[in-house]
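This report concerns only the one structure given below.
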Amino acid sequence: MIRAPKIRIIGAEGEQLGVMTPEEGLRRAREAELDLVEVAPSASPPVCRIMDYSKYKYDQEKKEREAHKRQHIVRIKGIRIKPRIEEHDYKTKLNHAREFLTKGNKVKWVLMFRGREMAHQELGRQLLDRIIQDTVDISEVERAPRREGRFIFMVLTPK
């Protein structure tokens with residue numbers, strides 16, 4: 001499938017074999033029981049390499065899988081609370097948030113108001129400020145507390 005009249009050939013060990021016709025390059029590749037692969041079609045003359053193409057493709061896929069394995073996907077973990085939360089429940093939720101943050105995940109805090117709690121939204125703000133203070137050593141605020149209807153949202157990211 002190489003259409004150029006002359007091509008530069010690189011051997012299986014990386015040595016320069018010179019400029020020749022594609023037929024001559026293909027003959028040399030068959031002698032070595034390998035493939036002739038065009039690696040730089042835009043060069044003048046185009047560069048072709050003698051290599052085991054299936055092994056090359058396998059190595060590329062293996063590198064890609066390895067790179068994909070090392071990626072860490074950041075997930076957003078949600079924690080819902082109410083302004084009249086008890087101390088033990090607060091500490092439990094805070095411990096969960098600390099665990100999520102140390103694993104590299106973001107934490108989205110959702111403070112939910114019900115009924116007459118809407119009249120005392122400052123209690124909710126104080127609770128979220130307390131959460132920020134209790135996690136200041138391992139997190140920072142990505143999105144400050146913001147009210148939307150009956151909810152106040154806040155997102156913390158790991159440092």
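Throughout, read-outs are computed from the coordinates displayed, never taken from laboratory work. Being a predicted model, the structure only gives us computed values, none of them experimental. So basically every Cβ, Gly included, is an ideal-geometry build from the backbone, and we count neighbours across all protein chains shown.
Axis angle, to the nearest 10 degrees, between helix 121-134 and the longest C-alpha principal axis of the chain: 50 degrees. Using a simple spin-label model with pseudo-atoms 7 Å out from Cα toward Cβ, PHE151 and LYS91 lie 2.9 nm apart. Between ARG80 and LYS159, the FRET efficiency estimated from the beta carbon spacing at R0 = 30 angstrom works out to 0.80. Think of each Lys and Arg Cβ as +1 and each Asp and Glu Cβ as -1; about the Cα centre, that makes the dipole of the chain roughly 1020 debye. Our summary of shape: the Cα atoms of segment 76-158 have principal axis extents of 37, 26, 18 Å, ordered from largest down, in whole angstrom.
Potential lengthening of the chain between TYR58 and GLU23 amounts to 9.9 nm, from the contour at 0.36 nm per residue minus the alpha-carbon distance. Could you pull out every one of the aspartates and glutamates with an alpha carbon less than 19 Å from that of LYS82, ignoring same-chain neighbours closer than 8 positions? The reachable aspartates and glutamates, counting only those whose Cα sits under 19 Å from LYS82, are GLU117, GLU122, ASP129, ASP134, GLU148. Using the structure shown, list the pairs from LYS62/LYS108; LYS6/LYS55; LYS69/LYS91; LYS91/LYS159; LYS62/LYS103; LYS62/LYS159 with a Cα-Cα distance above 29 Å, or answer none. Too far apart for the 29 Å limit: LYS62/LYS108; LYS69/LYS91; LYS62/LYS159. The modelled label-to-label distance for the pair ALA144/ALA40, using points 7 Å beyond Cα in the direction of Cβ, is 5.5 nm. Helical runs assigned H by DSSP (4 residues or longer) give the chain a calculated mean residue ellipticity at 222 nm of -12000 deg cm²/dmol, each run adding -39500 (n - 2.57) before division by the residue total.
What is the calculated FRET efficiency for VAL110 to ASP134, with r their C-beta to C-beta distance and R₀ = 25 Å, to the nearest 0.05? Display every interim value, and only then the final one.
Values: r = 17 Å, r/R0 = 0.68.
With R0 = 25 Å, the Cβ-Cβ based efficiency is 0.90.
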